[in-house]
1. Only one residue in 256, 249, 243, 232 is within 17 Å of residue 127 (Cα to Cα) and either in a strand (DSSP E or B) or more than 17 Å from the chain's Cα centre (by Cα) (or both), so which one is that?
2. Quick one: in segment 1-59, of everything that is surrounded by fewer than 16 Cβ atoms within 10 Å (Cβ to Cβ) and among the basic types (Lys, Arg), which residue is modelled with the lowest pLDDT?
3. Given 189, 225, 203, 232, which one is within 18 Å of residue 254 (Cα to Cα) and loosely packed, with under 15 Cβ neighbours inside 10 Å?
4. Answer yes if at least one residue in segment 237-247 is on the phi > 0 side of the Ramachandran plot, crowded, with 24+ Cβ neighbours inside 10 Å and near the ligand (Cβ under 9 Å from one of its atoms), and no otherwise.
5. Tell me, which helices (runs of 4 or more DSSP H) lie completely within segment 84-143 with 1 or more residues that are hydrophobic (A, V, I, L, M, F, W, C) and within 17 Å of the chain's Cα centre (by Cα)?
6. Is one or more of the residues making up segment 197-213 within 16 Å of the ligand (Cβ to nearest atom), part of a loop (DSSP other than H, G, I, E, B) and of a type in the set (D, E, K, R)?
Amino acid sequence: MTRRRLVAGNWKMHKTPEEAEVFVRAFLPLLRRDEPAEILLLPPFPSLDRAGRLLEGTAVVLGAQDLHPEISGAFTGGVSAGMLAACGCRYVLVGHSERRSLFGEDDILVNRKLRRALTAGLVPILCLGETLAERRAGETARRVAAQLAAGLDGVSSDDVERLVVAYEPIWAIGTGEAASAAAAEAVMAGIREAIGSAYGRPARDGVRILYGGSVTPENVGPFFAQSDVDGALVGGASLRPEALAGIVAAARPHGA
Ligand code: PGA
């Protein structure tokens, strides 16, 4: 199994450029020389440039939390994929549940953003997850499959192979109540199977699937024992250098 684990820190609407610099300067010395996991920081837009300059030549890569689906134009407040790439971004989140619920993004917009990211050479991280009501109604697998199919509409197998999916049960985000590793693995194995059926074996084996939702250094260990968990998307705990470094330290390679 060659999938490299990925630990991504989603800062959401936290950290000015100055605060981002303080974080990066504290975080880098906490990492081992050859971390087995890939490490990704997702600062808010105004802090991307500063963080990106500080991360140049380090083992930590940069990404953004959102993008506009169009290339450029009269879209006040929009930020294009090209702008993100120019700031040094390699990854971008699409369809985070907060974008879906608080900013009204639907599957069609999420799919447009995802395809724009791919065209611009960014790796999209497609976020999926069910609400508590859906989970209680036994709708998790169906909900997640529907978001996956809609998000990947029109995407080639080659592109699916290199993208990242983040399974984030909405009831686990920011609540301190993570899913159990076994429950997450069951959903994530289903996501991988669905990708295999639709896009073939290389896509199934290549796509990386992250778990997100109240991940901490204390609870992350069992997730990294699961064969379909290729990493973690971390919100709250990623704001503290020691906590994020603790999660990175737990991210052993598959099979290790
Ligand atoms: P959390 O956020 O770790 O604070 O639950 C995860 C996310 O929203 O990506």
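The values are calculated or read from the model by the stated rules, or taken from the named source; none is laboratory data. These numbers were taken from a predicted model, which means no experiment stands behind them. So basically every Cβ, Gly included, is an ideal-geometry build from the backbone, and we count neighbours across all protein chains shown.
1. None of the others qualify; the one that does is 232.
2. Among residues in segment 1-59 that are surrounded by fewer than 16 Cβ atoms within 10 Å (Cβ to Cβ) and among the basic types (Lys, Arg), the one modelled with the lowest pLDDT is 33.
3. Details: 189 fails: loosely packed, with under 15 Cβ neighbours inside 10 Å; 203 fails: loosely packed, with under 15 Cβ neighbours inside 10 Å; 232 fails: loosely packed, with under 15 Cβ neighbours inside 10 Å.
On inspection, the qualifying residue turns out to be 225.
4. Within segment 237-247, the first condition is being on the phi > 0 side of the Ramachandran plot, and the residues that meet it are none.
Looking for residues that are on the phi > 0 side of the Ramachandran plot, crowded, with 24+ Cβ neighbours inside 10 Å and near the ligand (Cβ under 9 Å from one of its atoms), one finds none in segment 237-247, hence no.
5. Where helices (runs of 4 or more DSSP H) fall fully within segment 84-143 and carry at least 1 residues being hydrophobic (A, V, I, L, M, F, W, C) and within 17 Å of the chain's Cα centre (by Cα), they are 107-119.
6. no
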